[in-house]
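Before any comments, here is the structure.
The values are calculated or read from the model by the stated rules, or taken from the named source; none is laboratory data. Worth saying up front: this structure is predicted, and the values here are computed from it rather than measured. Here the Cβ positions follow ideal geometry from the backbone for every residue, glycine too, while neighbour counts run over all protein chains shown.
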Amino acid sequence: MAASADRVGVIGGGLGGLAAACTLAARGHPVTLFEANDWLGGKAAVLSEAGYRFDMGPTIFTVPAVLERIFAEAGRRVEDYLDLVPLDPQWRCFYPGGAVLDLHADAGRMAGELDRFAPGSAAGYWRFLDLSERLHGISDRFFFWRSVGGLRDVFDLKNSFSAKTLGDVLAMRMGKTVGRTVREFVPDRRVAQMLDHFTQYVGSSPDASPAVLCGIAHMQTAGGVWYPRGGTRAVPEALAKLGGELGVDLRPGTGIRRIVLDGRGAVTGVETDGGERVPLRAVVSNMDSVRTHRELLSDGRPTRRFLRRRKYEPACSGVVLYLGLDRAYDQLLHHNFVFSADPHAEFDAIYNRGEPAPDPTCYVAAPARTEPAVAPPGGEALYVLVHTPYLRSHHDWKRMLPEYRTVILKKLADTAGMTDLEGRIRFEAHLTPQDIHDRYRVLDGAIYGLASHGRWLGAFKPANRCPDVPGLYLAGGAAHPGPGMPMVLMSGWIAADTLDRDGVAPARERPAAVGAVP
Ligand SMILES: Cc1cc2nc3c(=O)[nH]c(=O)nc-3n(C[C@H](O)[C@H](O)[C@H](O)COP(=O)(O)OP(=O)(O)OC[C@H]3O[C@@H](n4cnc5c(N)ncnc54)[C@H](O)[C@@H]3O)c2cc1C
């Protein structure tokens, strides 16, 4: 094993931390990964009880190309580690009043569905997808696969501001929101509500998020929606297996209480909750970026600089009901949205007033449709997620949950026809914003790191290379490029790539059978 002082440390074994550890190890760095919980994968956890198996956190897996790139770093193929099943239609949408609309990957098929559902909407949808594709391309060229912390990291205003770049800036519709952009293209309020919902992937209000996030729609239609057989839990399991093969020293059950700095303020190691000091050349923190600065850095100056740089607003939180049922519902697809009557009122409650929405949108996963083994024969391991505000001081979820559970079950009965749901529950467990806060050490219970609010600069997150602490890199939903499975995987890759290119830690020769970087 390499001398301890030459190692790179990763704090946190969420998807971002695992992606960083695998990429660094594939590039020849000796790596130790410290995870406070006794499982790896962070929010991508599993709950197996009474014959039911639930993914506890993420269920919708998109843009598998990011995972492929991480495996390719090590000369490996994702398909040798994971069985990814495509899902199409990608979602089913239930609206109050009984209307149902499926989201298809194929734009032509979707346009046909829209002409049936809301005559006249198809042309606007085509034009919206064109814009979304352009915005996706802009993100690929300017935001993705490199450490970005603000506008200056994206556009070189002095030297290379070409006419094409100007066109890209105009296409980004800076100053406009997702909600407003969607409605310029698609006036039908139900279709607009469906397209709004891509912004929920980053836990932010479409009425406050910059239009560039309309690119998420094309990322999904082009890259597909996939179910990893075994559940989304199979993704961190595959990464942990790869990390083990590459020699990563994986230490679940080891929390870090301090990043140790030298007299110049550069990283020299970490201190575990048990008091062990581990010398390291550099650290990737997969802990929430704000809490990394507030809680792990003993020197006050970098933290003050970080906190002054911008306002850090947590993304939304959520309540999850895990319901083991003795029946399945034929009207459901694998992924479903049961929509509120008024999205603006719903988003206003969650994101402005900081209260659970009285008429919420429920996301419902019915995975037994794709993998019957998740439930006893004929049953369903139903997963219901409702977005809620991030934790406020007056939120007491022990008190609030029973009442909100009733609101959720009523919503599913009224809008998705699941009228006998309550009586079909054979197993039940819950996850509240307080549980999310405590289990994953996030900011105020946020599911998706930092909110993307701000018409101009809302898409920016803290850069992966921490400008205030030499040797510290950030990965995860509260760092660039943001939350959601593909983005945090990319975040881990960027943190590792930046660290590797900076040359702050010595790399050995690449491990045997490890291929070239694509
Ligand atoms: C209910 C729910 C539903 C979701 N649905 C989806 C979805 O359908 N699709 C999608 O793409 N995304 C979804 N997400 C979001 C997605 O799960 C996250 O964006 C992603 O998993 C976050 O990964 P991460 O690496 O940033 O952090 P995390 O998963 O939060 O991992 C961070 C890890 O760091 C550890 N840690 C923190 N501090 C320390 C410390 N000091 N020492 C050691 N370890 C520490 C924590 O224990 C944790 O394991 C969902 C999330 C939730 C909770």
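A few comments on the model shown:
- Of all residues in region 452-494, those being of a type in the set (A, V, I, L, M, F, W, C) and away from the ligand (no atom under 13 Å from the Cβ) number 8.
- Residue count, region 252-281 (criterion: of a type outside the set (S, T, N, Q) and either outside the structural domain of residue 36 (by TED's automatic domain parsing) or not in a strand (DSSP E or B) (or both)): 13
- The single condition among (1) without any contact (Cβ under 8 Å) to a residue 40 or more places away in the chain; (2) closer than 20 Å to residue 234 by Cβ that residue 72 does not satisfy is (1).
- Residues in region 222-274 that are of a type in the set (S, T, N, Q) and under 20 Å from residue 288 (Cα atoms): 2 in all.
- Inspection of region 31-48 finds a residue satisfying the criterion of being more than 14 Å from the ligand (Cβ to nearest atom), closer than 30 Å to residue 257 by Cα and out of contact with any Pro (no Cβ under 8 Å at 6 or more places or on another chain).
- Verdict on residue 474 being closer than 21 Å to residue 312 by Cα and surrounded by fewer than 24 Cβ atoms within 10 Å (Cβ to Cβ): no
- In the set 468, 438, 444, only one residue is acidic (Asp, Glu), outside any helix (DSSP H, G or I) and within 25 Å of residue 37 (Cα to Cα); that residue is 444.
- Some residue of region 200-209 being free of Cβ contacts under 8 Å to residues at least 24 places away in the same chain and either surrounded by fewer than 21 Cβ atoms within 10 Å (Cβ to Cβ) or over 14 Å from residue 133 (Cβ atoms) (or both): no
- Taken together, the residues in region 282-294 that are in contact with a Cys (Cβ under 9 Å, 6 or more places away or on another chain) and either farther than 25 Å from residue 461 by Cα or assigned to a strand (DSSP E or B) (or both) amount to 1.
- Residue 496 being assigned to a loop (DSSP other than H, G, I, E, B), under 18 Å from residue 23 (Cα atoms) and in contact (Cβ under 8 Å) with a residue 12 or more places away in the chain: no
- Taking the criterion of being of a type in the set (A, V, I, L, M) and under 18 Å from residue 21 (Cα atoms), the residues of region 39-64 that qualify are 40, 44.
- The residue that is nearest to residue 40 (Cα to Cα), counting only those in region 283-312 that are within 16 Å of the ligand (Cβ to nearest atom), free of Cβ contacts under 8 Å to residues at least 60 places away in the same chain and of a type in the set (D, E, K, R), is 295.
- Selection status of residue 95, in contact with a helix residue (DSSP H, G or I) (Cβ under 8 Å, 6 or more places away or on another chain), under 29 Å from residue 25 (Cβ atoms), away from the ligand (no atom under 14 Å from the Cβ) and not assigned by TED's automatic domain parsing to the domain that holds residue 383: no
- Flag if residue 426 is within 13 Å of the ligand (Cβ to nearest atom), among the basic types (Lys, Arg) and either within 24 Å of residue 398 (Cα to Cα) or not assigned by TED's automatic domain parsing to the domain that holds residue 214 (or both): no
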